[in-house]
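Report on the structure given below.
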Amino acid sequence: MKIDKNSFVTIEYLIRLGEEETYPPSGQPEEISFCLGWGAMPPGLEEAMLGLSPEDQRVVSLSPEQAYGEFDQELVMEVPLSDFAPEMELSPGLVFETENDEGHTIYFIVQEVGPDAVVIDFNHPLAGKALEVSFTVRQVRQASPEEMQGPGGCSCSQCGEGGSRPH
């Protein structure tokens with residue numbers, strides 16, 4: 001079966017950011033499954049998958065616009081320390097999950113912790129970066145009606161958009 005806009009896809013991927021930096025940080029490919037077209041993956045990557053079959057391999061170079069967008073300074077903000085539970089041990093790099101005004105799950109990363117305020121960042125960790133994505137298609141099937149009902153988030157263990165990952 002070839003990948004189309006109604007496919008549920010499993011790929012094994014590795015992202016390179018320059019010469020030495022990889023994602024996942026281990027440098028080992030990671031498997032992820034998602035429903036194509038719901039925005040779980042960058043638009044440029046989803047487009048590159050259309051028409052592929054299991055065991056097809058590709059390396060795709062994505063500009064920031066084709067990947068996770070440009071870094072948006074307006075998504076970095078300072079909030080009162082009192083917005084967090086007093087017993088919470090905050091440190092830079094921690095990832096938190098919350099809901100936006102429409103009730104959708106969103107994530108932010110703690111950037112700095114001060115005596116009275118915390119700087120948080122709602123940008124994707126890979127925003128503003130050009131990426132080289134190597135992937136192998138492992139499985140393709142028609143998405144079920146339930147899977148097509150709503151957005152399917154990332155299921156990788158590294159990103160915080162699902163699974164056990166801090167994105």
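The values are calculated or read from the model by the stated rules, or taken from the named source; none is laboratory data. If you're wondering where the values come from, they're calculated on a predicted model, not measured in any experiment. Backbone-built Cβ (ideal geometry, glycine too); neighbour counts: all protein chains shown.
Among the residues of the range 86-122, count how many are more than 23 Å from the chain's Cα centre (by Cα) and more than 18 Å from GLU74 (Cα to Cα).
Final tally of qualifying residues: 8.
All but one of (1) on the phi > 0 side of the Ramachandran plot; (2) touching a residue at least 60 places away in the same chain (Cβ under 8 Å) hold for GLY27; which doesn't?
(2)
Pairs please, first residue from the range 51-75 and free of Cβ contacts under 8 Å to residues at least 24 places away in the same chain and not assigned by TED's automatic domain parsing to the domain that holds TYR107, second anywhere and of a type in the set (Gly, Ala, Ser) and surrounded by 13 or more Cβ atoms within 10 Å (Cβ to Cβ), Cβ atoms under 9 Å, 6+ apart in sequence or on different chains.
GLU65/GLY44
Looking only at residues in the range 2-24 that are touching a residue at least 60 places away in the same chain (Cβ under 8 Å) and β-branched (Val, Ile, Thr), which one is surrounded by the most Cβ atoms within 10 Å (Cβ to Cβ)? Write out each step before concluding.
Our first condition is that a residue be touching a residue at least 60 places away in the same chain (Cβ under 8 Å); within the range 2-24, this holds for 2-3, 6-17, 23-24.
Restricting the remaining residues to those that are β-branched (Val, Ile, Thr) gives 3, 9-11, 15.
Values: ILE3: 22, VAL9: 24, THR10: 16, ILE11: 27, ILE15: 22.
Taking the candidates together, the pick is ILE11.
So which of GLY93, GLY103 is under 29 Å from THR22 (Cβ atoms), modelled with pLDDT under 95, in a loop (DSSP other than H, G, I, E, B) and not assigned by TED's automatic domain parsing to the domain that holds GLU19? Steps first, answer last, please.
Values: GLY103 fails: under 29 Å from THR22 (Cβ atoms).
Being under 29 Å from THR22 (Cβ atoms), modelled with pLDDT under 95, in a loop (DSSP other than H, G, I, E, B) and not assigned by TED's automatic domain parsing to the domain that holds GLU19 holds for just one of GLY93, GLY103, which is GLY93.
Can you tell me which residue in the range 25-62 is modelled with the lowest pLDDT, limited to those that are among the polar types (S, T, N, Q) and surrounded by fewer than 13 Cβ atoms within 10 Å (Cβ to Cβ)? Walk me through it before giving the result.
Let us first name the residues in the range 25-62 that are among the polar types (S, T, N, Q), namely 26, 28, 33, 53, 57, 61.
Imposing the further condition that a residue be surrounded by fewer than 13 Cβ atoms within 10 Å (Cβ to Cβ) reduces the set to 26, 28, 53, 57.
Details: SER26: 91, GLN28: 94, SER53: 97, GLN57: 98.
Within the range 25-62, the match that is modelled with the lowest pLDDT is SER26.
Please find, within the range 25-80, the residue that is nearest to the chain's Cα centre (by Cα) out of those that are aromatic (Phe, Trp, Tyr) and assigned to a loop (DSSP other than H, G, I, E, B).
Going through the range 25-80, the residues aromatic (Phe, Trp, Tyr) turn out to be 34, 38, 68, 71.
Restricting the remaining residues to those that are assigned to a loop (DSSP other than H, G, I, E, B) gives 38, 68, 71.
Details: TRP38: 12, TYR68: 8, PHE71: 14 Å.
Going through the qualifying residues, I end up with TYR68.
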